[in-house]
Amino acid sequence: MRKPIIAGNWKMHKNNVEAEDFVKSFQPQISDIDNVEVVLCAPFTTLGHLISVTANTNIRIAAQNMHWEDSGAFTGEVAPGMLKSIDCKYVVLGHSERRQYFAETDEAVNKKLKAALKANLTPIACIGEQLEDREQGKTEAVIKQQFEVGFAGLTSEEMAKTVIAYEPVWAIGTGKTATSQQAEEVCAYIRKLIEEGFGSETAQQVRIQYGGSVKSANVKELMEQPNIDGALVGGASLEPDSFAQIVKF
Ligand code: 13P
């Protein structure tokens, strides 16, 4: 059985004070949840503080990006080992905003994915089509390309440890959720790609999240789909009551 994983992606929101206030209000509301892995994806500056205020709780902390090199002259970047050194256990990779605004390619995502796995971090690797891809009937082709290049060279064990987030770009921050059927169709297709590349046992182990305008009103129906094992939540994760309702779907 795959354990569902629901992650709040705070993007470029919350300083240390705001993050701690969030945890004080959020944590008591979800403290008895043990059938869902709960993750907060925070800016680099709040990671250390969040990790200490969530110690001994059921909340896990993720970075939103990292570099693939161990160290070096890469001004402004953060290495996998640096995340490990503060006991950060998860990292989001290849988010569409990084692809769109920071020119991140599938090749870069692949290097980051391998580096994260080597450092024993759990990657949450994002893929998803643009609106024009969908309108032109190219959704599967785009997903296949992102998967085949982004996940190239992983062992089956590494693939099994990786969380995939399917985030259709047209549904991010727009209020336009994919219907649960549209989301399920693509998540099932991603599982088929995993099966073709890594075998059926691995395909059954990989957790696939849906992301894009997830809120308390639609999370249950999305989570009921057989190939959707979690959610990556942006806007609705910024407020503790709203994110707690989602986690308790
Ligand atoms: P929204 O939930 O705000 O649409 O954002 C989705 C997302 O990008 C999560 O990574």
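The values are calculated or read from the model by the stated rules, or taken from the named source; none is laboratory data. None of the values given here were measured: they were computed from a predicted structure. Neighbour counts are summed over all protein chains in view; Cβ atoms, including those assigned to glycine, are modelled from backbone coordinates with ideal geometry. Surface areas here come from the heavy atoms of the whole protein model, side chains and all, with no ligands, DNA or RNA. Shrake-Rupley method; radii C 1.70, N 1.55, O 1.52, S 1.80 Å.
Before moving on, here are some points about what is shown:
- Of everything in region 54-78 that is in a loop (DSSP other than H, G, I, E, B) and under 15 Å from the mean Cα position of the chain (by Cα), the residue that is farthest from A125 (Cα to Cα) is M66.
- Neighbours by Cβ (under 9 Å, 6+ apart or cross-chain): first from region 1-27, more than 22 Å from A125 (Cβ to Cβ) and in a helix (DSSP H, G or I); second away from the ligand (no atom under 16 Å from the Cβ) and open to solvent by 90 Å² or more (accessible area, probe 1.4 Å): N16/T45
- Cross-chain or 6+ apart pairs with Cβ under 9 Å, region 207-222 first and open to solvent by 10 Å² or more (accessible area, probe 1.4 Å) and within 8 Å of the ligand (Cβ to nearest atom), then charged (D, E, K, R) and not in a helix (DSSP H, G or I): S213/K176
- Top-ranked residue of region 223-249 - restricted to ones that are within 11 Å of I6 (Cα to Cα) and open to solvent by 50 Å² or more (accessible area, probe 1.4 Å), ranked as farthest from the ligand (Cβ to nearest atom): K248
- Failed condition for I59, given (1) more than 16 Å from the ligand (Cβ to nearest atom); (2) open to solvent by less than 50 Å² (accessible area, probe 1.4 Å); (3) within 17 Å of T162 (Cβ to Cβ): (3)
- Sole residue being in contact with a Phe, Trp or Tyr (Cβ under 6 Å, 6 or more places away or on another chain) and modelled with pLDDT of 95 or more, chosen from A183, A188, A217, A203: A183
- Those helices (runs of 4 or more DSSP H) of region 92-183 in which at least 1 residues are more than 16 Å from the ligand (Cβ to nearest atom), considering only elements entirely within it, cover 106-118, 131-135, 139-150, 156-161.
- Check on G199, within 15 Å of the ligand (Cβ to nearest atom) and touching a residue at least 24 places away in the same chain (Cβ under 8 Å): no
- Matching residues, region 4-56, being among the basic types (K, R) and exposed (fewer than 12 other Cβ atoms within 10 Å of the Cβ): K24
- Verdict on K176 being open to solvent by 30 Å² or more (accessible area, probe 1.4 Å), under 25 Å from G153 (Cα atoms) and of a type in the set (D, E, K, R): no
- Subset tally (residues that are under 27 Å from S156 (Cβ atoms) and either in a helix (DSSP H, G or I) or modelled with pLDDT under 95 (or both)) for region 223-249: 1
- I194 being open to solvent by less than 10 Å² (accessible area, probe 1.4 Å), closer than 19 Å to C41 by Cα and either of a type in the set (A, V, I, L, M) or outside any helix (DSSP H, G or I) (or both): no
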